[in-house]
Amino acid sequence: MGTVHARSLEPLPMAGPDFGALGEETELVEVEPETKQEILENKDVVVQHVHFDGLGRTKDDIIMYEISDVFKAKNLIDVMRKSHEARERLLRLGIFRQVDVLIDTCQGDDALPNGLDVTFEVTELRRLTGSYNTMVGNNEGSMVLGLKFPNLFGRAEKVTFQFSYGTKETSYGLSFFKPRPGNFERNFSVNVYKVTGQFPWSSLRETDRGVSTEFNFPVWKTNHTLKWEGVWRELGCLARTASFSVREESGHSLKSSLSHAMVIDSRNSSILPKRGALLKINQELAGYTGGDVSFLKEDFEFQLNKQLLWDSVISTSVWGGMLVPIGDKPSSIADRFYLGGPTSVRGFSMYSIGPQSEGDYLGGEAYWAGGVHLYTPLPFRPGRGGFGDLFRTHFFLNAGNLCNLNYGDGPRAHLQRLAECIRWSYGAGIVLRLGNIARLELNYCFPMGVQAGDRICDGVQFGAGIRFL
Amino acid sequence: MCNLPIRVICRANAEYMSPSGKVPFIHVGNQVVSELGPIVQFVKAKGHSLSDGLDEVQKAEMKAYMELVNNMLLTAELYLQWCDDVTVEEITHPRYGSPYPWPLNRILSYQKQWEVRRKMKAIGWAGKTLEQVLEDVDQCCQALSQRLGTQPYFFNKQPTELDALVFGHLFTILTTQLITDELSEKVKNYSNLTAFCRRIEQQYFEGHDKDSCTVSVQSSKKSSLLK
């Protein structure tokens, strides 16, 4: 890359190889390095060509959208930055295993003196990847088979199929995802699935077979999702001792709903964030596109984090939701909200707050929950800089309420109902962060405000999950 | 017939509410008991029974006749509803799927049809034609008619579980509208059976000012025998 110019080259002395006599009319050959030092940031460059090595089935047009910015770079640092961003965008498409960037001066006839060539060397993912695991847990063993077709037609479409065959239940899911070329944030996906769930707190077993399509698109700083979902739900009792209110809900129903969700997320991480805020608002309207379940459901989640002295973070979060059945049919147990447990109001058993019948929790049509947390590093900071950073101690105060509303009364009566008999709890514990997705908690809780019928878990409570209050 | 206070409620998901998957079932206190046999035993454990007055031989005979009714009449009813193509298309599918929206009504009735046909194949009725089934019904009715004779009930003057079961089936056969009336004609051939049904209807249902929503397998058209 660099050139070495010999500035002056005096002819060698004619005397033979007689180097014994030094200092005698000999002149040394001088080889000097390039003396002009250029400050690279200020040098104007022009990106003349962008090459791609290793494209197979990927179509050209989606690549061009992702790298179009590289051509706009004006100086060398800019080229490096834009190439890095283009590399990130190419990796985000999920169709390449590896992307390497090479920046070089332009060679060839039409090369400008400040022209640069950028080369992206990519390795595409294989056409089909699969995985096979067995899972054991909850008195059930199952085989899980997963298949993935990344980049099916060349424009980053992705088809995934997952099938789980277990001793008690089988479930499957097939999903097709297509991003819009040039704008990965806008995408749509179609899913077909069957999932089964067992809810021992309500003695309920639910099997859902459904189809859903969703569109994601960003609007300014927010992310919106529009989704239509059609689900055939089959509810059954988990045990012969299920209460009659749960037994009454058994049977089949069809839910066809449109939902819209908006997310604004400015946190630096979704697990144990240090700063930023999250606002999620979700609406669902069921019944106007078919089906026999009809309701309007609103749900919101808000979280605010702020860093304090000495690496501690204070975090507040508020959740709330309301379900309004439309028409004269009462709401179904599968649509109602549940509250309580290690991931929501700590100190109470899983989903064991609110209306219940003979020990089975029926859920409620309106709820709110709030929490204030203080996260600090472990005392005496063991393992600092490594493993110890995954742990945090945390002190919390949680509160919430869940009830059914009589929609004949006015909003004032509703607020009053939600404000009386509040369940709350406080305590402390340790949080372990698992990657960027999940966290484990071990807390010592003191539940308060316990109403008749709630099941509590005072003392040590363990929780694992993705979404915590 | 035991004079116990009951309330009959018709629900679309009754079949799924039942712990064993079959109707009828009763909900007493916080206990749920389904199917005739267990219900009879449950009621007996509480001290009410219709067959206390029978001796051992008669009880065995009653059990035998109840088995006959279950094997013959019940299976014939299921056959006619689910295996006879014309009836299935015109009557059974719309009726079974009526509480559900499309496409669930189609899916559920096809699922039930497949299940019933599989059961028919297992007991060997899949190969029978409609005529053979009607023949079997005729023979069953003949046996019942002979046993009934001129008595008001099957065993002396008091109704027993057998009377309740036979009434339930015959009343349904006589009052459900199907494509053809062949099945109900077979029963009407035996006048003492129709008289028996009428007598029980008058005594226990119209006498108590109830509507004739009988506790039967499918919700049937409400109509009286006295036409």
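In the protein assembly as shown, the ratio of gyration radius to Kirkwood radius, Rg to Rh, stands at 1.18 when only Cα atoms are counted. Around the Cα centre of the protein assembly as shown, unit charges on the Cβ atoms of Lys, Arg, Asp and Glu (plus for the first two, minus for the last two) sum to a dipole of about 2520 debye. When +1 charges are put on Lys and Arg Cβ atoms and -1 charges on Asp and Glu Cβ atoms, the dipole computed for region A:237-368 relative to its Cα centre reaches about 500 debye. A Förster distance of 22 Å, applied to the separation of the beta-carbon atoms of A:Val136 and A:Leu432, puts the FRET efficiency at 0.45. Annotation: the residues A:Glu441, A:Glu420, sorted from fewest to most other C-beta atoms within 10 Å of their own C-beta, follow the order A:Glu420, A:Glu441.
Taking every residue in A:358-366, how many Cβ atoms of other protein chains lie within 10 Å of its Cβ, on average? Kindly include the intermediate steps, with their values, before the conclusion.
Numbers: counts 1, 0, 0, 0, 0, 0, 0, 0, 0.
That works out to 0 on average.
Going from the residue with the fewest nearby Cβ atoms within 10 Å to the one with the most, B:Ser145, A:Ser250 rank B:Ser145, A:Ser250.
Region A:349-368 and region A:189-214 have Cα centres lying 20 Å from one another.
Reported to two decimal places, what Rg/Rh ratio describes chain B when computed on Cα atoms with Rh from the Kirkwood expression?
Values: Rg = 17.8 Å, Rh = 18.8 Å.
Ratio of gyration radius to Kirkwood radius for chain B: 0.95.
3J(HN,Hα) couplings calculated from phi for region B:35-51 with the Karplus curve 6.51 cos²θ - 1.76 cosθ + 1.60 (θ = phi - 60°) are, in sequence order, 6, 4, x, x, 5, 4, 5, 4, 5, 5, 5, 8, x, 10, 8, 8, 10 Hz; Gly and Pro show x.
Centre-to-centre, using Cα atoms only, region B:44-88 and region A:68-111 are separated by 82 Å.
Going through region A:278-359, which GluC sites (Glu not before Pro) have at most 11 other Cβ atoms within 10 Å and a DSSP loop state?
On the way: sites: A:Glu284, A:Glu298, A:Glu301, A:Glu358; in loops: A:Glu358.
Passing sites in region A:278-359 do not exist.
Between A:Thr241 and A:Asp328, full extension at 0.36 nm per residue minus the direct alpha carbon distance yields a gain of 28.4 nm. For A:Phe52, nonlocal amide neighbours, meaning residues 5 or more places apart or on other chains whose placed amide H falls under 5 Å from its own, are A:Phe120. Across every pair of non-identical alpha carbons in region A:57-168, the mean reciprocal distance, once inverted, gives a Kirkwood radius of 17.0 Å.
Taking the alpha carbon gyration tensor of region A:417-462, multiplying each eigenvalue by 5 and rooting it gives semi-axes of 26, 13, 9 Å, largest first. The residues neighbouring A:Phe188, those whose beta-carbon lies less than 15 Å from its own, together hold a net charge of +2 under the Lys/Arg +1, Asp/Glu -1 convention. For region A:103-189, the percent of C-alpha pairs falling in each 5 Å distance bin, counted from 0 to the bin holding the largest distance, reads 3, 11, 14, 12, 11, 10, 11, 9, 6, 4, 3, 3, 2, 1, 0. Compactness of region A:200-310, taken as the C-alpha radius of gyration over 2.2 N^0.38 Å, stands at 1.43. Dividing the Cα radius of gyration of region A:254-361 by its Kirkwood radius returns 1.07 for Rg/Rh.
Working note: Karplus 6.51/-1.76/1.60 with θ = phi - 60° gives region B:180-193 the couplings 10, 9, 4, 5, 6, 4, 4, 6, 5, 4, 9, 5, 5, 6 Hz, where Gly and Pro are set to x.
Within 14 Å, Cβ to Cβ, of A:Phe462, how many net charges do the neighbouring residues add up to if Lys/Arg are +1 and Asp/Glu are -1?
In short, 0.
Each residue of region B:75-80 was assigned a 3J(HN,Hα) from its phi angle through the Karplus curve 6.51 cos²θ - 1.76 cosθ + 1.60 (θ = phi - 60°); the sequence is 5, 5, 4, 4, 4, 5 Hz, with glycine and proline shown as x.
Dividing the helix sum by the residues of chain B, where each DSSP H run of 4 or more adds -39500 (n - 2.57), gives a mean residue ellipticity at 222 nm of -15000 deg cm²/dmol. Remark: region A:46-205 carries a charge dipole of roughly 940 debye about the Cα centre, counting +1 on each Lys and Arg Cβ and -1 on each Asp and Glu Cβ. Averaged over peptide A:239-252, the number of partner chain Cβ atoms lying within 10 Å of each residue's Cβ comes to 4.
Pair-distance distribution of region A:313-426: all C-alpha pairs, bin width 10 Å, starting at 0; shares per bin in whole percent are 13, 36, 27, 14, 8, 2, 0.
The amide H of A:Leu204, built 1.01 Å from its N in the peptide plane, has A:Phe199, A:Leu238 as neighbours under 5 Å, considering only residues 5 or more places off or on other chains.
Every read-out reported here was derived from the displayed coordinates using simple, explicitly stated rules and does not represent laboratory data. The shown structure was predicted, so the numbers you read here are calculated from the model rather than taken from an experiment. Here Cβ is always computed from backbone atoms with ideal geometry, including for glycine, and neighbour counts include all displayed protein chains.
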